[in-house]
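What follows is a single structure, written as C-alpha cells, with notes after it.
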Amino acid sequence: MADLLAARARSLPARSGLTGAEAVYRNLVLSPDQGSSAADGPDRLTASVELAVRIAGYDEYPVVYPRRIALVREAGGWRVEREEAASGPPALWDLGPARTAPGAHCLVLGLAEGPDPAGLVAVGDKAVPAVSAVWGGAWPGRLLLELPATENQFAQLLEADPAGWTGMAAVTVAAPGAPWHTPADRVVVNPEAFGRLSDFGRQVVVTHEATHVATRADTRAWTPLWLSEGVADWTAYRDSGRRPQQIAPELARDVAAGKLPTALPVDADFTAGATGIAQAYEQSWLACDLIASRWGTDRLVAFYRAVGAGDGQGEEREPRIDRLLRGELGVGLAGFTALWLAEVSSLKA
C-alpha cells in the first residue's frame, strides 16, 4: 500500500497539471468497507490520509489536505478507485484539470476550463515589488494565486456560501496545515468579480492581497481589521495619483449626504455581504493614509508591526491600540480618531 501511494504522490503533477508540485501521502489509516470481505481479507478499503503538497519555490511548508481514498483489490494488486477531500476546502485540481503560468515574482494556478492564468501574471509581478517597497524584504517576495473557473468554484475553495461572496474579487487564505508565520498563503481570485474590474482595479486588488501575504507574520488575532485591511488598501493605492474622493467614493457620497461615522470600523463591518462594507474599507484606507501622510510610511509600518507583536496575547484591544498609538505616533486612540474624523469630513470638499 505504501508503494501504491508513493507512486500516486509522484504522479500528482501529471494528474493535476500543477507543474512544480511535490507531494507525499502520510498518516495513513486503513479501514475495510462495510460488507467488503474475501477469504484472504477485504477486497475494498478506505484510506484516510493526509496529502502534503509543496509548490517548489513558493511553499516553505507543505499544504496539508485531508483525503479519503477508495481502494479496490484486483488480480494485480490494489487500485485507487476514487480520491476526494475528507474535510476542509477542496484542492484546486479536485475541481478539474489544472494548468500553471509562472512569472518573475508569482505563479498562477488555474483550471484548464477557466480563464487563461497567464493573464494574471503581469498583475502579480507588478504587485510584489510594490508591496516590498513598503514592507521591505522580510517576506519571500513571491505570490501564489489560484484562479478557479467560476464564482461557485471560488466559493468552494473558501468553503463559503456563494451568495455572500458575489462582489468579492479575491481573498487571501492561509494554506491548511501551514504555521501562521510562513508564506504559504494563497490568493484565491473570483474570476467573475475580478473580470468585471478595470486594469487599474485588478492591480489594486492583487496588490492589496499581496500585502496580506507580506504582513502575515505581523498580523495576529488582536490586529483590528480596520488596520490590516487599511494598510492593504493603502499599499495598493500608494503612488496611484488618485484623489481621496476617487479612492473612497462611497464614503465621500455619505459625507456629502451628511452621514458621517463616529468611530473607526469594527471587525463585523468587514463581513462578506455586510451593509456598508465598501465604506468600512474606505474608512480604513483613510485612517492608514492619515498615519502615512502625517507621520510617514516608516511609522505606519512600525505601528502595524507593534500591534501584531506577540505580547498582545490576552491584552484588551482598545487599550493596546491606545498605548501603541501613543508610543509610535504620540497620540492616543481618542485623539487619533478625532484627527481621522476631520479627514473624513474633508472628503466633502
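The values are calculated or read from the model by the stated rules, or taken from the named source; none is laboratory data. Since we're looking at a predicted model, the values are computed, not measured. FYI the Cβ positions are ideal-geometry reconstructions off the backbone, even for glycines, and counts take in every protein chain you see. For accessibility, only protein heavy atoms count, side chains too; no ligands or nucleic acids. Shrake-Rupley method; radii C 1.70, N 1.55, O 1.52, S 1.80 Å.
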Next item on the list: Provide the gained length on full extension for the span A272 to R82, in nm with one decimal, where the gain is 0.36 nm per separating residue minus the Cα-Cα distance.
Entry: 65.0 nm
Item checked: For the chain, the fraction of alpha-carbon pairs in successive 10 Å shells from zero, as % -> 5, 23, 29, 21, 12, 6, 3, 1, 0
Check: One-quarter of the Cα convex hull surface for the stretch 19-126, in nm²?
Finding: 8.8 nm²
Margin query: As an exercise, identify the chymotrypsin sites (Phe, Trp or Tyr not before Pro) in the stretch 69-149 lying in DSSP coil whose Cβ has no more than 13 other Cβ atoms within 10 Å.
Written below: none
Margin query: Can you pull out the trypsin sites (Lys or Arg not before Pro) in the stretch 208-303 whose DSSP state is coil and whose Cβ has at most 13 other Cβ atoms within 10 Å?
Written below: R242, K259
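What is the sum of charges around D94, taking Lys and Arg as +1, Asp and Glu as -1, for the other residues whose C-beta is under 10 Å from the C-beta of D94?
Numbers: positive: R67; negative: E83, E84.
Summing Lys/Arg as +1 and Asp/Glu as -1 gives -1.
Before I look further, what does the chain give for accessible area per residue, probe 1.4 Å, in whole square angstrom?
45 Å²
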Check: Roughly speaking, to the nearest percent, how much of the stretch 164-320's 1.4 Å accessible area is carbon and sulfur?
Finding: 50 percent
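From the helices alone, meaning DSSP H stretches of at least four residues, give me the mean residue ellipticity at 222 nm for the chain, per-run term -39500 (n - 2.57), in deg cm²/dmol to the nearest 500.
-12500 deg cm²/dmol
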Checklist line | Carbon + sulfur, % of accessible area of the stretch 1-160 - ligands and nucleic acids excluded, 1.4 Å | finding: 51 percent
Next item on the list: Report the local net charge at L339: Lys and Arg +1, Asp and Glu -1, summed over other residues whose C-beta lies under 12 Å from its C-beta.
Entry: -1
Check: Using a Gaussian network model of the chain with C-alpha springs under 10 Å, which one of W285, W226, W295 is most mobile by mean-square fluctuation?
Finding: W295
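Beta carbons within 10 angstrom, averaged per residue: use that to sort the peptides 53-59, 196-202, highest first.
Peptide ranking by packing, descending: 53-59, 196-202.
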Checklist line | J(HN,Hα) series, the stretch 51-58, from Karplus relation 6.51 cos²θ - 1.76 cosθ + 1.60, nearest Hz, glycine and proline x | finding: 9, 9, 10, 10, 8, 4, x, 10
Next item on the list: Provide the solvent-accessible area of S345, counting protein heavy atoms only and rolling a 1.4 Å probe, rounded to the nearest 10 Å².
Entry: 50 Å²
Checklist line | Loop-resident sites, the stretch 259-349, for GluC sites (Glu not before Pro), counting at most 13 other Cβ within 10 Å (DSSP) | finding: E315, E316
Margin query: Once R0 is set to 51 Å, what does the formula 1/(1 + (r/R0)^6) return for the Cβ-Cβ distance between E22 and L197, expressed as a FRET efficiency to the nearest 0.05?
Written below: 0.90
Next item on the list: With springs only between Cα atoms under 10 Å apart, run a GNM on the chain and tell me which of T262, T46, T337 wobbles the most.
Entry: T262
